[in-house]
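The values are calculated or read from the model by the stated rules, or taken from the named source; none is laboratory data. This structure is a prediction, so every number in the text was calculated from the model and none was measured. A quick note on method: Cβ atoms are made from the backbone with ideal geometry, for glycine too, and the neighbour counts reach across all protein chains shown. In case anyone asks, the SASA skips ligands and DNA or RNA and just uses the protein heavy atoms, side chains included. Shrake-Rupley method; radii C 1.70, N 1.55, O 1.52, S 1.80 Å.
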Amino acid sequence: MEDREILEVDVLFVGAGVASLSGALHLMNRIHDHNETVASGGGKPLEDISVAVLEKGAYVGAHNLSGAVMIPDALKALVPDAEKTAPLEAEVASEDVLFLTRDRALRFPITPPFLQNHGAYVISLSRLTQWLGDLAEESGVDIFPGFAGTEVLYEGRRVKGVRTGDKGVDEEGRPKSTFEPGIDLHAKVTVFGEGTRGSLAKTLIRKHRLNAGRNAETYIVGVKEVWEVPEGRIEPGKVMHTAGYPLKPDTYGGGFVYGMGGNRVTIGLIVGLDYRDPAMDPHREFQKFKLHPRMAGLLAGGRLLQYGAKTAPVGGYFAIPELAVDGGLLVGDSAHLFNSQKIKGIHTAQHSGMLAAETILEALLADDFSQSRLAGYPSRLLAGDAGRELYRARNFHQAFHRGLYWGVLRGGVQYLLGGRDWNKRLYTTPDSESLEAMHAVYGTADPTDEQTGDISYDGELTFTREADNYYSGVSHEENQPCHLQVRDRQICVTTCWETYRSPCTRFCPAKVYEMRLDEETQQRELVVNFTNCLHCKTCDVKDPFDNITWVPPEGEGGPKYTMV
Amino acid sequence: MMHIIVCVKMVMDPEMPFSVFKVDPESNKPIVPDGTSAVLSTFDECALEAALRIKDGQDCKITALSLGAELPKSLLQKLYALGADEVIGIEAPEFEHLDAFSTANALTRAIEKIGDFDLVFMGRQSADWEAGLVWAGVAEALQLPSVSLVREATPGDGKVTAVRCVSDGIEAVEADMPALLTFTSEVGEIRFCSLKDMMKAKKKKIVKWSAADIGFETVERMQLKTLFVPEMPVVDCQIIEGDDDGEKGRRLARALADQGLL
Ligand SMILES: Cc1cc2nc3c(=O)[nH]c(=O)nc-3n(C[C@H](O)[C@H](O)[C@H](O)COP(=O)(O)OP(=O)(O)OC[C@H]3O[C@@H](n4cnc5c(N)ncnc54)[C@H](O)[C@@H]3O)c2cc1C
Ligand code: SF4
């Protein structure tokens, strides 16, 4: 391994999401409190503690996408006047749960308790993250947007920091005139808050087998848009969740519609990545969702403002890996702390960051960053509100593995039983294993558009992936190595094509993958348009051969979200 | 020691999708959407890069000067991280929507206040309004020889040689220093700042001046009549394929000629 320049900090957070930023800000506040107590009562102050946060996006908030209805408990604990100062769109005013058929909407007579959002807020996660970033900077945290962590650095088993990505490397991997090598950032403790399917968290979990004995990770992908609609069309704080159309009964997921401020509405569709149909295209299903008369009426005369997509971990309690290693901690989505029953992970991510900060404070005072000291964090977390909440929802997503109706029944019964189901723990399989062969689903390897439910796009209400992607602000430096590493390109044109007809060309919400057929030679070839990538991580999760690995591209590349 | 003043504007990120951009019909002013971040104006980055390349080869002090209604601290710090020796930010609410004459006036006064300099570098035009007028106003007010559309500058012996991009090639001109030069994107690739330099930059002191500190007064001579976001034309995109660049070029030329565009 070549030698890199080394920089030392005390505490390093990887990824400037709500989990890391809440942790970093809380740590600064707690250090401040500690030093005040010490000043009056005696003891050892903590001086000049350097806290750094790496973020791959061009600015803080650029890569943060959510629904989102947020439970504000953690935020209020972190920033007591948050309800006045934070960029909250609206307090939840009313809520509906609808069951959709192709052209009808049936209202559930009651909103299931786990979907009740009284006291919660509709927010844009991108905005909230940006705001938290500003607060963290003011408190003395150093945030570095545009710098990705690309490798975990170890000393034996101890995590000693991360390496940042090189910049100015061409597509063949050669340095360009602007080459700027990455550096090795060493820290006493490194906190992985990379969000869903963290690329470093993934290697750490595998290397240390942190998920031994746990359920397999499983994910959903959410595809969404923000629209501006005519005045009065939807009240801010209006919350709507849907089940049914356009998803088939055997597919986990549903739609969401939230009224934001400024005559804007957020509309999206969540699709469980344990789906079996290789012809599934989550973006297309989302477009169909907008064609439902209820949604089409809502959006008529409006205009699309922003588009985006992202996965979220729904494995729940039994998929949470070990969260502490020597010198390292996992927080937020990277730690699988997402409540799939409530479809919420923002508050749990914030709780986890803050509880990690409590433990880091103790570790700094004791100058001990061993696994046994850092294990205070998972104990606190699992015994606390967030842990109890996740425990109650522990079997929720698994209950749906046979589809909607069965799941509603089981999910509902579970709710009444406080998460207990007939059997104690429901197991999961990785999403990469759930696809069935095209032939098994459609009776033919080449189903017609009608069979797969393909539609044409009108450019007003429905958009192609290329058109939609433009509204995400995505861009990447073109002359750099492709950050979607396809291990074996032969499988793509043989087994994968034969069995599934290249599902990557459909599951990617940015149309990064295309199969080109050379007319003359009749040879197929996979083309990877990586510059369109939204960093949603669907391909890393869903590829049936685990053939695609997502690694961070050159810093700053990716979407430029501001309101999703 | 050579002293270069580089003027750098901070603008709304031109790479944001146009859908987030709005104009307030009442005041005729663009509304910067919540959450949109600012960036260094593209051509001004080229000007800074050109100055940094001079500094790579000789003793040279670079003063980066930025003026605006709101100057994000992170961008001022980025100027340090990229290699400026001193960063001056002049921030005042009255700098919102200045016309080119007022901007030129303000920059002139700021440059006079900085004093002693050999060169003033600017971008050919700003990435937001793209008027391309300010440089001429400053050069005139300071009575400086000026060269526009420069891609490379070599100072030496009281003179600066500037290579200009012109429509049919390049042109090399020489000017007495002090002089004012404006730069184009032909400067080439802009350096990255390293994480280490970003870290150091966070500790450096940014010089802050107010409008009064430079004795600013508006000299508004241009008024905006209407501002609107045009309807997006429906674009039919055709991708020209070919085995190599030459082939693609020939096919592109043929396609354009076929449609009477060439
Ligand atoms: C469609 C959808 C709808 C949702 N709806 C809701 C909802 O209504 N309510 C709710 O509470 N939750 C909701 N969630 C979940 C919620 O958004 C997440 O749980 C939450 O954002 C997790 O926060 P985080 O800080 O862990 O990760 P993130 O917010 O994803 O932040 C991680 C950050 O790390 C950065 N990063 C990643 N890798 C690296 C690296 N190697 N180097 C540098 N930077 C890196 C990323 O760019 C990103 O900025 C939803 C999620 C989705 C996908
Ligand atoms: S390439 Fe992968 S990570 Fe990127 S947008 Fe497509 S599915 Fe998401």
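Summary table below
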| read-out | value |
| --- | --- |
| Matching entry among B:VAL160, B:VAL166 (being in contact with a Leu (Cβ under 9 Å, 6 or more places away or on another chain), modelled with pLDDT under 95 and more than 20 Å from B:MET10 (Cα to Cα)) | B:VAL166 |
| Subset of region A:70-93 [surrounded by fewer than 13 Cβ atoms within 10 Å (Cβ to Cβ) and either polar (S, T, N, Q) or closer than 20 Å to A:SER340 by Cα (or both)] | A:THR85 |
| Residue within region A:474-486 that is open to solvent by less than 30 Å² (accessible area, probe 1.4 Å), away from ligand 2 (no atom under 11 Å from the Cβ), under 27 Å from the mean Cα position of the chain (by Cα) and not small (Gly, Ala, Ser) present | yes |
| Odd one out for A:ASN117, checked against (1) surrounded by fewer than 22 Cβ atoms within 10 Å (Cβ to Cβ); (2) more than 14 Å from chain B (Cβ to nearest Cβ) | (1) |
| Region A:492-511 - residue that is away from ligand 1 (no atom under 16 Å from the Cβ) and of a type in the set (A, V, I, L, M, F, W, C) and, of those, farthest from A:TYR219 (Cα to Cα) | A:VAL493 |
| Single match in A:VAL191, A:VAL162 (criterion: away from every other protein chain (no Cβ under 14 Å), open to solvent by less than 40 Å² (accessible area, probe 1.4 Å) and out of contact with any Lys or Arg (no Cβ under 8 Å at 6 or more places or on another chain)) | A:VAL191 |
| Lone unmet requirement of (1) basic (Lys, Arg); (2) under 29 Å from B:PRO155 (Cα atoms); (3) more than 14 Å from chain A (Cβ to nearest Cβ) for B:ARG191 | (3) |
| Residue in region A:201-209 that is within 13 Å of another protein chain (Cβ to nearest Cβ) and buried (at least 19 other Cβ atoms within 10 Å of the Cβ) present | no |
| Elements of type strands (runs of 3 or more DSSP E) contained in region A:219-280, each with 2 or more residues being over 22 Å from the mean Cα position of the chain (by Cα) | A:238-244 |
| Residue in region A:291-308 that is more than 14 Å from every other protein chain (Cβ to nearest Cβ), within 16 Å of ligand 1 (Cβ to nearest atom) and open to solvent by 10 Å² or more (accessible area, probe 1.4 Å) present | no |
| Odd one out for A:PRO109, checked against (1) within 15 Å of ligand 1 (Cβ to nearest atom); (2) outside any strand (DSSP E or B); (3) surrounded by fewer than 21 Cβ atoms within 10 Å (Cβ to Cβ); (4) not polar (S, T, N, Q) | (1) |
| Where B:THR184 falls short, out of the listed (1) in contact (Cβ under 8 Å) with a residue 12 or more places away in the chain; (2) within 14 Å of chain A (Cβ to nearest Cβ) | (2) |
| Extreme residue, nearest to the other protein chains (Cβ to nearest Cβ), among residues of region B:1-50 that are of a type in the set (Ser, Thr, Tyr) and open to solvent by 30 Å² or more (accessible area, probe 1.4 Å) | B:THR42 |
| Filtered residue count, region A:309-322, keeping only those that are assigned to a strand (DSSP E or B) and open to solvent by 30 Å² or more (accessible area, probe 1.4 Å) | 1 |
| Selected residue [within 13 Å of chain B (Cβ to nearest Cβ), more than 15 Å from ligand 1 (Cβ to nearest atom) and assigned to a strand (DSSP E or B)] from A:GLU460, A:GLU519, A:GLU514 | A:GLU514 |
| Of all residues making up region A:260-278, the number that are touching a helix residue (DSSP H, G or I) at 6+ places or on another chain (Cβ under 9 Å) and surrounded by fewer than 20 Cβ atoms within 10 Å (Cβ to Cβ) | 1 |
| Given (1) away from ligand 1 (no atom under 16 Å from the Cβ); (2) part of a loop (DSSP other than H, G, I, E, B), index of the condition A:LYS560 fails | (1) |
| Qualifying residue in region A:423-431 (condition: surrounded by fewer than 11 Cβ atoms within 10 Å (Cβ to Cβ) and free of Cβ contacts under 8 Å to residues at least 24 places away in the same chain) | yes |
